[in-house]
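Here's the structure we're looking at; comments come further down.
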Amino acid sequence: LSINRKDFLVNGVITFAGIGLGFSKPEILEQISSKKIIKDDGISVTDLAKDELYWRKISSLYQLTKDYFHFNHGAVSPQNSDVLNSFFEKYKFSNRGPGRQMWQILNQERESLREELAYLLGAEKEEIAINRNTTEGLANIIFGLDLKRGDEVVLSQYDYPFMVNMWKQREKRDGIKINWVELEFPEENVENIVSKYQNAISAKTKIVHLSHIMNWTGQILPVKEIIKMAHQKGCEVIVDGAHSVGHIDFNLKEMDCDYFATSLHKWLCAPFGTGVLYMKKEKIANIWALSSCYESQTNDIRKFEQIGTRSIPAEMAVKDAIDIHTEIGIKLKTERFQYLKNEIIARLEKIKGIVIYSSKKEEFGSGMVTFGLEQINNKELYVELFNKFKIHSSPVNIGYLNAVRVSPHLFTPISEIEYLCDSIKKIALNN
Ligand SMILES: Cc1ncc(COP(=O)(O)O)c(C=O)c1O
């Protein structure tokens, strides 16, 4: 294999030397995108996505325990050694005098990080707040919106429970009304999905709340189409993008949502407790900051960063996670996630009693696979997977779903996918 990490780093270093030559960071990031590297080496993204040797090299950068098999990266993902080292260095640096080292020196990198995140998401710098996670970002929106009694909000019971509960709290406190959208997994028809959301909108609906990738089944919603329809109906749209960054290719300008939040400790493999809140520039003044805000900040996205002391080393090591993400490239990452997902589904489909809730199609299915077995309930399945086969997965018990979710990461080898599916087959046969 002619591509290796060393080449990436050499390319990266050479290109980054360009900083002094007047390149802006975004231009540099484009130059080291996987497309260029792969083209130079004559290997297509499709072939590289299946190249186990390449992914074994990527895997060697992570320090996962070998005590069990890791199939719950959707909850939170590990950082690789570059990100960890950067984080530790910054942590040690900060501990030499936190008041100055952390707040005054390390924190000077905040604005360049904001710029990198804006580039990563396809947004403007002044639309990006750096925070701790999706929950915090969406809490600012859900509790910060001026809604009055009788105003309506559209969401699904399959949106993330914390957000559903926030909306239920507003229902109780403020008398807003929730209109629920019913979904059946996998949803694979854009028109149907859009009309489900459209049917839930009334003249009183102010907000549509969407999950870009739904955590229960890995379902990808056609957010662009729903947003277009919702805007035509006069609604604003909030997108829960917890699973989007580092996982699928998207651009916030094109998506055109009004509000978006994500967690960087999921598919981007950034330090734990790092996230982003985005909103269109013209919306910032309308949202009350949840924690605190200087009067002069009304129109300034930084008002959402008045959250007190947090880990600046974790935030600043996000830059290293972005570098590695860019080195691999979102096209290759997406291709790898699709490949692993489809390898799982192809094997599971052959098992008697299996019910699969995730889509094989790239448009509707992310890297996560959710399935149930008719022979056994999901809790027993989840427990058996761990106790008998040392497979860590995630139980799914909501609405009509009685299932288990498995979420490999880029570096999960095919041999582990085979082991996973053989184990599920054994459970199916023994029950
Ligand atoms: C769809 C979705 N939204 C929000 C969250 C919350 O993410 P965090 O705990 O990073 O705030 C998750 C976590 O798994 C999620 O799956």
Residues of region 272-368: accessible area per residue with a 1.4 Å probe, Å²: 40 Å²
Inter-label distance, nm, simple model (7 Å from Cα along the C-beta direction), Asn431/Lys253: 4.9 nm
Computed magnitude of the charge dipole of region 233-306 (debye, nearest 20; Cβ of K, R +1, Cβ of D, E -1): 60 debye
Estimated distance in nm for a label pair at Asn387 and Arg56, the labels positioned 7 Å out from Cα along Cα-to-Cβ: 3.5 nm
19 Å tail of the calculated P(r), region 232-304, as % of Cα pairs: 43 percent
For Asn72, residues with placed amide H under 5 Å, excluding near neighbours: Ser407
Cα pair distances of the chain binned at 10 Å [whole percent]: 4, 21, 30, 26, 15, 3, 0
Under 5 Å, built H, 5+ apart or other chain: amide partners of Gly275: Asn131, Arg132, Asn133, Leu264
Region 389-431: chymotrypsin sites (Phe, Trp or Tyr not before Pro) in DSSP coil with no more than 15 other Cβ atoms inside 10 Å: Tyr400
Filtered chymotrypsin sites (Phe, Trp or Tyr not before Pro), region 291-383: DSSP coil and at most 11 other beta carbons within 10 Å: Tyr294
Gain in span if fully extended, Val190 to Gln104, counting 0.36 nm per residue against the direct Cα distance: 26.1 nm
Contour excess over end-to-end distance, with Cα ends at Asp47 and Glu363 and 0.36 nm allotted per residue: 111.7 nm
P(r) histogram, all alpha-carbon pairs of region 251-341 included - 5 Å bins from 0, percent: 3, 11, 17, 18, 20, 16, 8, 5, 2, 0, 0
Aspartates and glutamates with Cα under 16 Å of Lys281, excluding same-chain neighbours fewer than 8 positions away: Glu115, Glu124, Glu126, Glu127, Glu236, Glu254, Asp256, Asp258, Asp300, Glu305
Computed FRET value (nearest 0.05) for Glu374 with Ala75, which takes r as the C-beta separation and R₀ as 25 Å: 0.45
Virtual paramagnetic centre 7 Å along Cα→Cβ of Tyr294, amide N under 17 Å, in region 112-148: 130
Carbon plus sulfur fraction of accessible area for the chain, probe 1.4 Å, in percent: 51 percent
Pairs from Lys224/Lys379; Lys172/Lys228; Lys388/Lys425; Lys66/Lys350; Lys266/Lys319 whose Cα-Cα separation, in the structure shown, is over 24 Å: Lys224/Lys379; Lys172/Lys228; Lys66/Lys350
Centre separation in Å (Cα based) which lies between region 348-363 and region 394-431: 11 Å
Amide proton proximity set for Asn179, modelled H, under 5 Å, gap of 5+: Val153, Val154, Leu155
Selected from Ala139, Ala49, Ala203 as most flexible by GNM, with the chain as the system and alpha-carbon contacts under 10 Å: Ala203
Overall dimensions of region 165-281 by Cα: Rg and Dmax, Å: 14.6, 43
Column: log10 I(q)/I(0), Debye, Cα scatterers of region 357-431, q = 0.18, 0.23, 0.25, 0.26 Å⁻¹: -0.73, -1.15, -1.30, -1.36
Cα principal axis extents for region 182-228, largest first, Å: 31, 19, 18
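Averaged per residue, what accessible surface does region 136-270 expose to a 1.4 Å probe, in Å²?
Per-residue value: 36 Å².
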Long-range Cα-Cα pairs in region 97-180 (distance over 15 Å), rounded percent: 69 percent
Modelled FRET efficiency - R0 41 Å, Ser415 with Glu225, Cβ distances, 0.05 increments: 0.60
Ala285 versus Lys125: modelled label distance in nm, points set 7 Å from Cα along the beta carbon direction: 2.2 nm
Taking all pairs of distinct alpha-carbon atoms in region 302-431, Kirkwood radius in angstrom: 16.7 Å
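The values are calculated or read from the model by the stated rules, or taken from the named source; none is laboratory data. Because the structure is predicted, anything quoted here is derived from the model rather than measured. Note that we place each Cβ from the backbone using ideal geometry, even for glycine, and neighbour counts take in every protein chain shown. Each accessible area value is taken on the protein alone, full model and side chains, heavy atoms only, with ligands, DNA and RNA left out. Shrake-Rupley method; radii C 1.70, N 1.55, O 1.52, S 1.80 Å.
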